[in-house]
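Data first, discussion second: the structure below is written as structure tokens.
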Amino acid sequence: MTEPRFFRIAKSLTIAEIAALTGAEPAKGVAADRAIANIAALDAAGPRDLTFLDNAKYLDDLATTRAGACLMAPRYRDRAPADLAVLLVREPYRAFVAVARALFPDSLRPASLFDGAGVASGAIVHPTARLESGAVIDPGAVIGPGAEIGADTLVGANAVIGPGVRIGRRCSIGPHASVIHALIGDRVIIHPGCRIGQDGFGYAMGKSGHLKVPQLGRVIIQDDVEIGAGSAIDRGANRDTVIGEGTKIDNLVQIGHNVAVGRHCVLVAQVGISGSVTLEDFVVLGARVGVNNHVTIGEGAHIAATAIVSRDVPAGVRYGGFPAKPVKQWMREVFLLERLAQQSSDDAPGGDKEKP
């Protein structure tokens, strides 16, 4: 269940309203006027809660749930308790998310931790900075000279916005984030502790020492991007680092200089992307994927967690392993290695053989 201390419900929804919102079909006999006021997991839901089922692993929880209503695929209908209000839908989880968004719209975008409006006492805004109507600057934030902050954008406590930075409308810059040498679009969410626009890691290496390479580019973050806590995006060296529209970046991700990330990509926690990499649209990188410099990953490709990508990846494929390769090939190699290792162990003196 959600905690009303932190997230307040916008309004309750009836079964009929949920059906209209999600395209779900209420099962026969379900009361259309039943009110739903919260969401919860199957095993924790109460009579006014909506839950969902899209994995047979949780059928035992379905049998004992006390939920007021449940979104589920038609194939599970006969397993539901008789008193449960069942809503049949092709994609239960996506429908559940749609309802959660309607019940708790304020949870979609971080709010001011100080519950303030305008520029809070203790914030420092340079006289040449420009703030549009509705911008909120929390205590301790610093807005540098010539910076521009769009309407209804929040800059959290102790965040730093550098000189000349432009941030669009309805954005959220989390506490202790820093944004320098960057242009940011609308509806961008940057979570606490992010570092945007600092020097890329560039040195001309030599026997007598390493010469620092000037990092003269910017970071361009397009509309509707979300960047998780503690992630770092370096500015470009001789071109811009670009994060495409709608891309979602998890916590603790490192993106090097000159990287171009396409639209609607997904980068899971602890991904590391070296300089001058290109990710085309809709690429997905699992947790702890590493990408070598100057690699291109084609549109729609998925890279499994912990893979190391050392060469270009075609569009639309699924890769995994080290070095990354087609998933089926990688799994065959793992299976063969395990079998060879087992055979070697069995053949060794004192190996794992049955005793007479």
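The values are calculated or read from the model by the stated rules, or taken from the named source; none is laboratory data. This structure is a prediction, so every number in the text was calculated from the model and none was measured. All Cβ positions, glycine included, derive from the backbone under ideal geometry; neighbour counts span all protein chains shown. Side chains are part of the model used for accessible areas, which takes the heavy atoms of the whole protein and leaves out ligands, DNA and RNA. Shrake-Rupley method; radii C 1.70, N 1.55, O 1.52, S 1.80 Å.
Per residue, the solvent-accessible area of the stretch 239-356 (1.4 Å probe, heavy atoms of protein chains only, all protein chains present) comes to 56 Å².
What is the packing order of peptides 60-72, 28-40, taking the mean over residues of other C-beta atoms within 10 Å and listing the highest first? Let's see the in-between values first.
Values: 60-72: 20.2, 28-40: 14.8.
In decreasing order of mean packing, 60-72, 28-40 become 60-72, 28-40.
For the chain, with the dipole built from +1 on Lys and Arg beta-carbon atoms and -1 on Asp and Glu ones, taken about the Cα centre, which of Cys194, Leu62, Met72 lies farthest toward the positive end? Ranked along the dipole, the leading option is Cys194. Computed in the context of the full set of protein chains, the accessible area of the chain at 1.4 Å probe radius has 54% of its extent on carbon or sulfur.
Largest accessible area first, the listed residues Lys207, Lys11 line up as Lys207, Lys11 when surface is computed with a 1.4 Å probe on the assembled protein chains.
Counting only Cβ charges, +1 for Lys and Arg and -1 for Asp and Glu, the dipole size of the chain around its Cα centre is about 300 debye. Averaged over residues, the count of other Cβ atoms within 10 Å places the peptides 129-139, 217-227, 253-263 in the sequence 253-263, 217-227, 129-139, highest first. If you run the Gaussian network model on the chain, springs between alpha carbon atoms under 10 Å, then out of His181, His126, His302 the most flexible one is His126. Once you have a ≥ b ≥ c as the square roots of the Cα gyration tensor eigenvalues for the stretch 1-60, tell me rounded if a/c is under 1.5, and otherwise prolate or oblate according to whether a/b is larger than b/c. Cα axes put the stretch 1-60 in the oblate bin.
Pulled fully out, how much extra length does the chain show between Ala44 and Thr128, if you take 0.36 nm times their separation in residues and subtract their Cα-Cα distance? Walk me through the intermediate numbers first.
Numbers: separation 84, 0.36 × 84 = 30.24 nm, distance 5.26 nm.
Stretched fully, the Ala44-Thr128 segment lengthens by 25.0 nm.
The alpha-carbon positions of the stretch 270-341 define a convex hull whose volume is 73 Å³ per residue.
Would you mind checking the pairs Lys57/Lys328; Lys248/Lys328; Lys207/Lys248 and listing those with alpha carbons more than 29 angstrom apart?
Lys207/Lys248
Measuring nothing but how far apart in sequence close Cα pairs (under 8 Å, 6+ apart) lie, relative to its length, the stretch 116-271 scores a relative contact order of 14 percent. Apply the Debye scattering formula to the chain, with a single equal point scatterer on each alpha-carbon and no solvent, then give log10 I(q)/I(0) at q = 0.13 Å⁻¹. One equal scatterer on each Cα of the chain leads to -1.08. Accessible surface computed residue by residue for the stretch 114-166, with neighbouring protein chains in place and a 1.4 Å probe, gives 44 Å² per residue. Summed over the residues of the stretch 1-90 and divided among them, the accessible surface reaches 60 Å² per residue at a probe radius of 1.4 Å.
Just from its helices, what would the mean residue ellipticity at 222 nm be for the chain, if runs of 4 or more DSSP H residues each count -39500 (n - 2.57) and the sum is divided by every residue, rounded to the nearest 500 deg cm²/dmol?
Values: 4 runs with 47 residues, N = 356.
Value at 222 nm, helices only: -4000 deg cm²/dmol.
Counted over the chain, the DSSP beta bridges are approximately 10% antiparallel.
If you average over every viewing direction, what projected area does the convex hull of the Cα atoms of the stretch 65-107 give, in nm²? Mind showing how you got there, number by number?
Details: hull surface 13.3 nm².
With every direction weighted equally, the projected area is 3.3 nm².
Our note on the geometry: Cα centres of the stretch 182-198 and the stretch 306-330, 30 Å apart.
If you take the Cα centroid of the stretch 278-302 and the Cα centroid of the stretch 42-82, the two points sit 37 Å apart.
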